[in-house]
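Q: Below you'll find the structure I mean.
Taken together, the values in this text are just the output of simple stated rules run on the coordinates, not laboratory data. Bear in mind that the values here come from a model prediction, so they are computed numbers and not experimental data. Positions of Cβ are generated from backbone atoms using ideal geometry, with glycine treated the same way; all protein chains shown enter the neighbour counts.
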Ligand code: G3P
């Protein structure tokens, strides 16, 4: 499973990249606004840092506007993926952009049939939001399982990005279901490293190392 970071914070992106586990980045208008920085400045830094796909979201509601913004965003770098909301106008834009060779990521997916529509329109990625479904007593991971099954049944190559991830269990379940990608906030990725027995083990090894005579380091 590929790991994407769901953020526009360049320091977080640099940190996860330095750990050697960063496959891509997803952003949205909320995440960009949280940086408090000019859009183009932020995006150029991200595109320079990241080797993999970087999703940048359109804000128009009509297909024409989305396509125009999508083309503009795609000019910024070869690894740009244009994020488009799951609407009929959005699907028109997906079809046109994909025909031009610009990859798209259909966002705000909350049902398996929305994912089916996005795949049929030719989207490169779909982003089902598990956390926001869990928030309203839905079953986020059931959505991922169903999309996985539909895409398998019809051999769609559209990749599933598990989005709106809130905690390590979402990452674990995404991997067990066989999602292609999990996009998580920095705080969740950081937690994946943690285990009290790892900390305890390091502590013991270091204490015992002190007792070893004539150490080379
Ligand atoms: O990038 C889209 C998605 O991951 C947003 O997550 O936490 O705002 O529901 P959240």
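Q: Every residue in the range 57-69 that is surrounded by 18 or more Cβ atoms within 10 Å (Cβ to Cβ) and either over 21 Å from residue 158 (Cα atoms) or within 18 Å of the chain's Cα centre (by Cα) (or both), please. First the steps, then the outcome.
A: Keep residues of the range 57-69 that are surrounded by 18 or more Cβ atoms within 10 Å (Cβ to Cβ), which gives 57-58, 63, 66-67, 69.
Selection gives 57, 58, 69.
Q: Sticking with this one: So which helices (runs of 4 or more DSSP H) are wholly in the range 110-212 and hold at least 3 residues that are farther than 18 Å from residue 27 by Cα, more than 16 Å from the ligand (Cβ to nearest atom) and in contact with a helix residue (DSSP H, G or I) (Cβ under 6 Å, 6 or more places away or on another chain)? Spell out the reasoning first.
A: Values: elements: 112-121, 130-135, 140-153, 168-177, 186-192, 196-210.
Filter on the range 110-212 gives 112-121, 140-153.
Q: Evaluate the range 41-62: report whether one residue or more is under 20 Å from residue 106 (Cβ atoms), more than 16 Å from the ligand (Cβ to nearest atom) and free of Cβ contacts under 8 Å to residues at least 24 places away in the same chain.
A: yes
Q: Tally up the residues in the range 8-38 that are surrounded by 15 or more Cβ atoms within 10 Å (Cβ to Cβ) and either within 16 Å of the ligand (Cβ to nearest atom) or part of a strand (DSSP E or B) (or both), please.
A: Adding up the residues that qualify gives 15.
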